[in-house]
1. Loop only by DSSP, 15 or fewer other Cβ within 10 Å of the Cβ. Give me the trypsin sites (Lys or Arg not before Pro) in the range 157-212 that pass, ordered by residue number.
2. Count neighbours as other Cβ atoms within 10 Å of each site's Cβ, and list the chymotrypsin sites (Phe, Trp or Tyr not before Pro) in the range 152-193 that are DSSP loop with at most 14 such neighbours.
3. First measure r as the distance between the Cβ atoms of Ser166 and Val29, then evaluate 1/(1 + (r/R0)^6) with R0 = 25 Å and state the FRET efficiency to the nearest 0.05.
4. Per-residue HN-Hα couplings for the range 34-48, Karplus 6.51 cos²θ - 1.76 cosθ + 1.60 at θ = phi - 60°, whole Hz, x for Gly and Pro?
5. Given a 1.4 Å probe, how much area per residue of the range 140-252 is accessible, in Å²?
6. So if each residue of separation counts as 0.36 nm, and I subtract the Cα-Cα distance between Leu329 and Thr15, what length gain in nm does that give?
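The values are calculated or read from the model by the stated rules, or taken from the named source; none is laboratory data. Just so we're clear, the structure is a prediction, and the values are computed from it rather than from any experiment. FYI the Cβ positions are ideal-geometry reconstructions off the backbone, even for glycines, and counts take in every protein chain you see. We work out accessible area using only protein heavy atoms, side chains counted, and drop any ligands, DNA or RNA first. Shrake-Rupley method; radii C 1.70, N 1.55, O 1.52, S 1.80 Å.
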Amino acid sequence: MPYRSTIRVCIVVITLILMFSVLKYADQVFAPMLLALVLGVVLSPLSDLWEHLRLPAAASALLSVTISLSVLVVLAFLLEPVITDALDNAPVIWAELRSTIEEIQRMMRGIDQITEDVAAAIAPNSGSEREENITIPTITDALLSAPKYAGQVMIFIGTLYFFLLSRLDVYAWVGSTFNRLNTSHLRQAERRVSRYFLTITMINAVFAIVIAVVMHLLGMPSPMLFGVLAFLFNYVLYLGPALLTFALLLTGIVTFDGAYSFLPALLYLGLNMMEGQFFTPGLIGKSLSVNPLLVFLSLVFWLWLWGPAGGFIAIPLLIWVIVVIEGLLGHTISSGIPGKLRPNRLAGPAE
């Protein structure tokens, strides 16, 4: 590799490291901003509708933001009884889980005593120190944390509003600044992301209803909660279903006896595989294809960087970046429905 090329590669690597370090350090600012930008891209069909109806730009942006926040508030009110019921049942489930763990520990002869002896030999006062270090959050802690979360909400709302207000101007500026990147590439990426997200949302809603009904028929506690978790976790491909399968396995073990305790997790896993292999590919189509390895790496990276917010934006952002790069290169660089199908080498260029 020539010397100048090596220097360029090193500069790019260092720049990326610095950029992601800033994103990690200032997550309270950049996470709500990027989340708002992704949501603004998802809401692009709504913005196009207001434009078609010839509404003023300020009124269109305000209307889109109001609708989005109203949907979030309604969902919060609908989820409140489900969360309250889950919290009421949590002590019972925890007690049963604790008794199950204690039974397993009793089967392992002497392991508890050996552990205590080793712990006492290493740190005789470790138990008392742990008890002294346990702190319970107070109302004062909550009040002190309130301004931080309020600031993040304001950043989210402000970014979403001004992006919807000046979205086309931003695209025009980017197209004029970067010669090979025009407005059509950005609009195509916007349509692809919006189509993917809205389709996945409808699929997840139907899937959540099916899971809630199945869990109710099985006699699982808080079936609505598992339906809501199935809806939310299905956005985080691979990792979300794996976490919910583990949660259903634990809940089944503490709720039922014998082989029946594994049935909730197995049924969920089977339904998730059916949804992923048959229904989602048919509804999304090959034009929204992403290599599964890229999906997994993107999820791992953004979850590590920003937690749940990163998991939410990982796939839409990945699709947006891929479509923009494909527009610049003029050919397809990835294939395979996100998390659903194997890479398809015969897939044609993106529509």
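1. Values: sites: Arg167, Arg180, Arg187, Arg191, Arg192, Arg195; in loops: Arg180.
When the trypsin sites (Lys or Arg not before Pro) of the range 157-212 are filtered for loop state and at most 15 Cβ neighbours within 10 Å, Arg180 remain.
2. Numbers: sites: Phe156, Tyr161, Phe162, Phe163, Tyr171, Trp173, Phe178; in loops: Phe178.
When the chymotrypsin sites (Phe, Trp or Tyr not before Pro) of the range 152-193 are filtered for loop state and at most 14 Cβ neighbours within 10 Å, Phe178 remain.
3. Details: r = 20 Å, r/R0 = 0.79.
About 0.80, to the nearest 0.05.
4. Listing the rounded values in order: 5, 4, 5, 5, 5, 5, x, 5, 4, 7, 4, x, 5, 5, 5 Hz.
5. On the way: 5750 Å² over 113 residues.
Ligands and nucleic acids excluded, the result is 51 Å² per residue.
6. Details: separation 314, 0.36 × 314 = 113.04 nm, distance 2.26 nm.
My answer for the length gained is 110.8 nm.
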